[in-house]
Amino acid sequence: NEKIWAYKEFHIWRSYYPEWTKAMIKVIKKIKIKTDNKDILEIWAGDWINFKALKKCFGIKPNNYTIIELDTNSIDNCKKLWIINIYNEYFNKWILDKIKNKYDIIIITEVLEHQINPKEFFETIYQLLNKNWTIIITVPNRHRFFINNRSLDWDIPPHHFLRFSKKFFIKNFWKNIIYIKDYVFKKGLE
């Protein structure tokens with residue numbers, strides 16, 4: 001994992017928020033997503049950065065935060081922040097045998113483009129949601145500048161399998177989207 005630049009950043013306790021974390025916080029504030037005492041699941045948490053931002057901005061507590069992560073160094077960093085609800089598992093339909101909780105908010109930042117079966121991925125997510133739910137999704141924009149630069153190995157398989165655009169989210173989730181810009185935020189209906 002250390003050969004991938006992102007994991008090197010995950011393991012050094014970076015002191016800045018990546019763009020997707022800043023966008024997530026901005027939109028949570030803008031559309032007033034309730035975070036008080038909500039059970040939150042982050043899929044492929046990477047490191048502590050989203051939790052750190054949510055804790056700073058909204059007072060999220062470690063006992064309300066669950067992560068799924070494979071990288072053991074990242075898990076160790078999350079444990080240092082007192083996050084105890086950790087699944088060191090691959091996220092697929094079999095995770096449902098282990099996770100018995102339902103979540104109010106599921107965070108998926110820069111993860112969807114790594115999936116080889118997004119249909120199964122979302123079917124699994126939907127089974128982990130409470131009645132009134134919010135899913136926060138960020139993905140690289142498929143129309144971004146670097147898409148045609150062949151020197152960027154990280155934007156092609158085996159690192160990124162999929163590319164998304166606003167059109168994809170509007171077409172597939174139009175009933176539930178309440179905010180879409182460069183980042184997509186999806187909320188369930190009551």
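Just so it is clear, none of the values below were taken in a lab; they were calculated from the coordinates. Not measured: the values here are computed from a predicted model. Don't worry about glycine lacking a Cβ; one is built from the backbone with ideal geometry, like all the others, and counts go over all protein chains shown.
Couplings for region 19-30, taken from phi via the Karplus curve 6.51 cos²θ - 1.76 cosθ + 1.60 with θ = phi - 60°, read 4, 5, 5, 4, 5, 4, 4, 4, 6, 4, 5, 4 Hz in order; Gly and Pro are left as x. Given in Å, the Rg to one decimal and the Dmax to the nearest whole number for the Cα atoms of region 21-69 are 10.3, 29. Taking label positions 7 Å along the Cα-Cβ direction at both Tyr90 and Lys34, the computed distance is 3.8 nm, reported to one decimal. In region 66-121, if the dipole is taken from +1 on Lys/Arg beta carbons and -1 on Asp/Glu beta carbons about the Cα centre, which of Asn73, Ile99, Tyr87 is farthest to the positive end? In region 66-121, that residue is Ile99.
GluC sites (Glu not before Pro) within region 48-146: which are DSSP loop residues with at most 11 other Cβ atoms inside 10 Å? Walk me through the numbers before you get to the answer.
Values: sites: Glu69, Glu89, Glu110, Glu113, Glu120, Glu123; in loops: Glu69, Glu89, Glu110.
Loop-located and lightly packed - none at all.
Shown in residue order for region 101-106 are the 3J(HN,Hα) couplings computed by the Karplus curve 6.51 cos²θ - 1.76 cosθ + 1.60 at θ = phi - 60°: 7, 10, 10, 7, 10, 10 Hz (x for Gly and Pro).
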